[in-house]
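**Q** Pasting in a structure now, in structure tokens, and then I'll have a few things to ask.
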Amino acid sequence: MEKFTTHTGRAVPLRRSNVDTDQIIPAHWLKKVTRSGFEDGLFEAWRKDEDFVLNRPERQGASVLVAGPEFGTGSSREHAVWALQNYGFEAVISSRFADIFRGNSLKNGLLTVVLPQETVERLWELVEADPTAEITVDLEAREVRAEGVTASFELDDNVRWRLLNGLDDISITLQNEADIAAFEATRPSYKPRTLPVA
Amino acid sequence: MGRTLAEKVWDDHVVRRAEGEPDLLFIDLHLLHEVTSPQAFDGLRLAGRKVRRTDLTIATEDHNTPTLDIDKPIADPVSRVQLETLRRNAAEFGVRIHSLGDVEQGVVHVVGPQLGLTQPGTTVVCGDSHTSTHGAFGALAFGIGTSQVEHVLATQTLPLAPFKTMAITVEGELPEGVTAKDLILAIIAKIGTGGGQGYVLEYRGSAIRSLSMEARMTICNMSIEAGARAGMIAPDDTTFDYLKGRPHAPEGEDWDAAVAYWRTLATDEDAVFDAEVFIDANSLTPFVTWGTNPGQGAPLGANVPNPEDFEDPQERTAAENALKYMGLEAGTPLREVSVDAVFVGSCTNGRIEDLRAAADILDGRQIADGVRMLVVPGSVRVALQAVEEGLDKVFTAAGAEWRHAGCSMCLGMNPDQLAPGERCASTSNRNFEGRQGKGGRTHLVSPQVAAATAVLGHLASPADLSDRVAVEA
Ligand code: SF4
């Protein structure tokens, strides 16, 4: 997992509430056998409309999604997070996320930031008026900054530490590699092994 | 204070214990199949990681494999991609795999035990909820999600939250014609599909001790349908006899050391369970489900229940919805419910004893007109054994279809599916809406009831056949 300290980028204003995971990545994409390549499925239904905000030329290369309330409800598919990341988003801002989606996103290194709805509105106005306006999501300072906006946000200390150090569950376990090796060294010889028997 | 079987196995696998953190547990055996492993391997690839212990990992193909024409390319593109991906991943990461056409191929929960890989006192995981099957050997075995699959591949460990223990004590003797499947369906009907939540169940008592290993696997297999984390049975001489001489069972001094260890695993007399349930084996009869979850079952001699008789409003609504989906009228005797299809197979009842039991009833009889019966061995080894005993001939002579090994009609992932509205007596483990095909209706039954049902065309037990003269073959 990549370390997340601070990120600055242009934004996509998504003025919709209750965006569920099926809208983020439709079910037929779940047949894929990889964790990458989901970018074309992101908001697939809406992207058929050329005026949809993600399709606008001025939004190309944007990396911060400013979404409406209740983002990520519905089925628990982790693919929704992968789709946002594959597309190039580093952070999502909303006044409320669905719990499972939020858990999945933070586990995968996609920073989900909760800000009051009025701050979200101000960010919308800002980036709609000026598509080149940048938003900074500073995890070290737990702060979101943009022109005329400085807003602090909360994040669990442990989760923040993991993101700052780029530690996923596996890396955390591997920090105890010596314990695993020590355990393995004491395993009795009668324990089963799958290697083909001669 | 004494410890339970589950606690002993857990304690023996703790790699790391720290205040306020889940225990990190070592995993002895990691089973893989094509459905839940692709993204886990891809995750490893993206992070540049390897499989830590290929010698504790094994893959088989089962969910998507066809049971006919297995030498032809797989028609369904999604199935084909999943199988090809597993093959590629196994080759790239050096994992042992048993592909379609291989003599060790089969349903992952049939293959592990038959190879002797599932052993007492081990921890076994698989990205599949019916991993609980392996608990029949006194292993702590449970299903995990895809990100946990990746975690085990990379580290051979899992951080796990503690569980509670529940004793399910079954005393007495199962009456003639009553099987392990009837027992577990009765247990689930008693404690409910959420009754085991957060618990590891330990099945104990004289009725459990007298069961064969295959019957014990049937019981532990369905622990998950009671919502449990796992199900276990203390290892005893029945377990050791089953294991002895299997390809991966220990040999010589290792065998003696292993048995000595295995004998220490049974729950201590002064151990305390967090919950206890008692069942009288003598009172049981063949059991079938009438609804759309495994807890909605009743004795075969009963009638389809009336939703109004349920006190709990949620259960009442669930029963109403189930009857609607199942196309059943309250008050109809279950024996009068006629079926279109019969399925014998799955990791619950696709082992050799199950096939023998079904064949025994079909021998010299014909399945009813208009009923389609599929017999699908749980593994290629089971199939070969059945052929050696001539069971395949019994099935085909009776009018049933004898198929290649796999999950088949247990879940509609391969071409073996029910048509909308079709009704099936099935030896599998889940009667959820659409599980065997969109709109399909499933009644969970034992292999014996499945066979008798095929002959009579309606839900029936072998006892119902006794007044019929067997047709001479
Ligand atoms: S037989 Fe059925 S329950 Fe068992 S592993 Fe296959 S699909 Fe799952």
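The values are calculated or read from the model by the stated rules, or taken from the named source; none is laboratory data. Because the structure is a prediction, the values reported are computed rather than measured. Here the Cβ is made from the backbone with ideal geometry for all residues, glycine too, and neighbour counts use every protein chain on show.
**Q** Identify the single condition in (1) over 25 Å from B:VAL259 (Cα atoms); (2) more than 14 Å from every other protein chain (Cβ to nearest Cβ); (3) not β-branched (Val, Ile, Thr) that B:SER147 does not satisfy, given that it satisfies every other one.
**A** Going through the list (1) over 25 Å from B:VAL259 (Cα atoms); (2) more than 14 Å from every other protein chain (Cβ to nearest Cβ); (3) not β-branched (Val, Ile, Thr), B:SER147 breaks only (2).
**Q** Would you be able to tell me the number of residues in segment B:222-237 that are under 17 Å from B:ASP274 (Cα atoms) and among the β-branched types (Val, Ile, Thr)?
**A** 1
**Q** Report the residue count in segment B:271-319 for those that are acidic (Asp, Glu) and within 16 Å of B:LYS190 (Cβ to Cβ).
**A** So the count comes out to 5.
**Q** B:PRO377 is checked against (1) within 16 Å of the ligand (Cβ to nearest atom); (2) touching a Pro at 6+ places or on another chain (Cβ under 9 Å) and fails just one. What number does that condition carry?
**A** Just one mismatch for B:PRO377, condition (2).
**Q** Moving on to the next point. State yes or no: is B:PRO250 over 30 Å from A:VAL33 (Cβ atoms), touching a helix residue (DSSP H, G or I) at 6+ places or on another chain (Cβ under 6 Å) and within 12 Å of another protein chain (Cβ to nearest Cβ)?
**A** Against the criterion (over 30 Å from A:VAL33 (Cβ atoms), touching a helix residue (DSSP H, G or I) at 6+ places or on another chain (Cβ under 6 Å) and within 12 Å of another protein chain (Cβ to nearest Cβ)), B:PRO250 qualifies.
**Q** Of everything in segment B:35-66 that's outside any loop (DSSP other than H, G, I, E, B) and within 16 Å of the ligand (Cβ to nearest atom), which residue is farthest from the other protein chains (Cβ to nearest Cβ)? Can you show your working first?
**A** Residues of segment B:35-66 outside any loop (DSSP other than H, G, I, E, B): B:38-47, B:54-60.
Remaining after also requiring within 16 Å of the ligand (Cβ to nearest atom): B:58-60.
Working: B:ILE58: 4, B:ALA59: 9, B:THR60: 11 Å.
Per the criteria, the residue is B:THR60.
**Q** Here is a further query. Search segment B:350-395 for residues being in contact (Cβ under 8 Å) with a residue 40 or more places away in the chain and among the polar types (S, T, N, Q), and hand back the single one that is surrounded by the fewest Cβ atoms within 10 Å (Cβ to Cβ).
**A** Ranking the qualifying residues of segment B:350-395, first place goes to B:GLN366.
**Q** State whether one or more residues within segment B:402-422 are within 13 Å of the ligand (Cβ to nearest atom) and either within 14 Å of another protein chain (Cβ to nearest Cβ) or among the acidic types (Asp, Glu) (or both).
**A** Scanning segment B:402-422 turns up at least one residue that is within 13 Å of the ligand (Cβ to nearest atom) and either within 14 Å of another protein chain (Cβ to nearest Cβ) or among the acidic types (Asp, Glu) (or both).
**Q** One residue is enough: does segment B:76-87 have a residue meeting the conditions in a loop (DSSP other than H, G, I, E, B) and within 14 Å of the ligand (Cβ to nearest atom)?
**A** no
**Q** If you take the residues in segment B:23-34 that are out of contact with any Asp or Glu (no Cβ under 8 Å at 6 or more places or on another chain) and within 11 Å of chain A (Cβ to nearest Cβ), which one is farthest from B:PRO377 (Cα to Cα)?
**A** Only one residue tops the list, namely B:LEU25.
**Q** Sticking with this structure for a sec: Filter segment B:332-358 down to residues that are touching a His at 6+ places or on another chain (Cβ under 9 Å) and polar (S, T, N, Q) and give me whichever is nearest to the ligand (Cβ to nearest atom).
**A** Within segment B:332-358, the match that is nearest to the ligand (Cβ to nearest atom) is B:SER346.
**Q** On to the next question. Which one is surrounded by the fewest Cβ atoms within 10 Å (Cβ to Cβ) among residues in segment B:432-441 that are away from the ligand (no atom under 12 Å from the Cβ) and touching a residue at least 60 places away in the same chain (Cβ under 8 Å)?
**A** Taking segment B:432-441 as the starting set, the residues that turn out to be away from the ligand (no atom under 12 Å from the Cβ) are B:433-434, B:437-441.
Retained after the next criterion (residues that are touching a residue at least 60 places away in the same chain (Cβ under 8 Å)): B:433, B:441.
On the way: B:GLU433: 16, B:ARG441: 27.
Here the answer is B:GLU433.
**Q** Working carefully through the options B:LEU174, B:LEU185, find the one that is away from the ligand (no atom under 16 Å from the Cβ), more than 13 Å from chain A (Cβ to nearest Cβ) and either touching a Ser or Thr at 6+ places or on another chain (Cβ under 9 Å) or closer than 30 Å to A:TRP82 by Cβ (or both).
**A** B:LEU174
**Q** Looking at segment A:163-184, which of its residues are in contact (Cβ under 8 Å) with a residue 60 or more places away in the chain and either part of a helix (DSSP H, G or I) or touching a strand residue (DSSP E or B) at 6+ places or on another chain (Cβ under 6 Å) (or both)? Break it down stepwise before answering.
**A** The initial filter retains those residues of segment A:163-184 that are in contact (Cβ under 8 Å) with a residue 60 or more places away in the chain, namely A:163-169, A:171.
A:LEU163, A:LEU164, A:ASP169, A:SER171, listed by residue number.
**Q** So, one more: Taking segment B:116-145 only, how many residues are assigned to a loop (DSSP other than H, G, I, E, B) and more than 12 Å from the chain's Cα centre (by Cα)?
**A** Keep residues of segment B:116-145 that are assigned to a loop (DSSP other than H, G, I, E, B), which gives B:116-122, B:127-128, B:138-139, B:144-145.
From what is left, the residues that are more than 12 Å from the chain's Cα centre (by Cα) are B:116-122, B:127, B:138-139, B:144-145.
So the count comes out to 12.
**Q** Sticking with this structure for a sec: Has segment A:185-193 got any residue that is within 18 Å of the chain's Cα centre (by Cα), more than 8 Å from chain B (Cβ to nearest Cβ) and not in a loop (DSSP other than H, G, I, E, B)?
**A** no
**Q** Residues being within 14 Å of chain A (Cβ to nearest Cβ) and either touching a strand residue (DSSP E or B) at 6+ places or on another chain (Cβ under 8 Å) or not small (Gly, Ala, Ser) (or both): count how many of those fall in segment B:150-171.
**A** The first filter runs over segment B:150-171 and keeps only residues within 14 Å of chain A (Cβ to nearest Cβ), leaving B:150-161.
Filter once more, so that each one left must be either touching a strand residue (DSSP E or B) at 6+ places or on another chain (Cβ under 8 Å) or not small (Gly, Ala, Ser) (or both): B:150-153, B:155-160.
Residues meeting the conditions: 10.
**Q** If you take the residues in segment B:93-143 that are of a type in the set (Val, Ile, Thr) and more than 13 Å from the ligand (Cβ to nearest atom), which one is surrounded by the fewest Cβ atoms within 10 Å (Cβ to Cβ)?
**A** That would be B:VAL103.
**Q** So, one more: Condition first: assigned to a helix (DSSP H, G or I), acidic (Asp, Glu) and touching a residue at least 40 places away in the same chain (Cβ under 8 Å). Can you find one or more residues in segment B:322-341 that meet it?
**A** Yes.
**Q** Confirm whether B:ALA139 is within 12 Å of another protein chain (Cβ to nearest Cβ), of a type in the set (A, V, I, L, M) and farther than 21 Å from B:MET232 by Cα.
**A** Answer is no for this residue.
**Q** Can you name the residue in segment A:19-46 that is touching a strand residue (DSSP E or B) at 6+ places or on another chain (Cβ under 8 Å) and buried (at least 19 other Cβ atoms within 10 Å of the Cβ) and, of all such residues, is nearest to A:TYR87 (Cα to Cα)?
**A** A:THR21
**Q** Taking the stated definitions as given, is A:VAL113 touching a His at 6+ places or on another chain (Cβ under 8 Å) and over 23 Å from B:GLN156 (Cβ atoms)?
**A** No.
**Q** Something else now. Could you list, ordered by first residue, the pairs with Cβ atoms under 6 Å in which the first is in segment B:99-113 and over 21 Å from B:THR133 (Cα atoms) and in a helix (DSSP H, G or I) and the second is within 13 Å of the ligand (Cβ to nearest atom) and modelled with pLDDT of 95 or more, at least 6 apart or interchain?
**A** none
**Q** Only residues that are closer than 18 Å to B:THR122 by Cβ and within 15 Å of the ligand (Cβ to nearest atom): list them for segment B:220-229, please. Let's see the steps before the verdict.
**A** At the first step, the residues of segment B:220-229 found to be closer than 18 Å to B:THR122 by Cβ are B:220-221, B:223, B:229.
Answer for segment B:220-229, where residues must be closer than 18 Å to B:THR122 by Cβ and within 15 Å of the ligand (Cβ to nearest atom): B:CYS220, B:ASN221, B:SER223.
**Q** Can you go through A:LEU155, A:LEU111, A:LEU126 and tell me which one is within 20 Å of the chain's Cα centre (by Cα), away from chain B (no Cβ under 14 Å) and crowded, with 18+ Cβ neighbours inside 10 Å?
**A** A:LEU111
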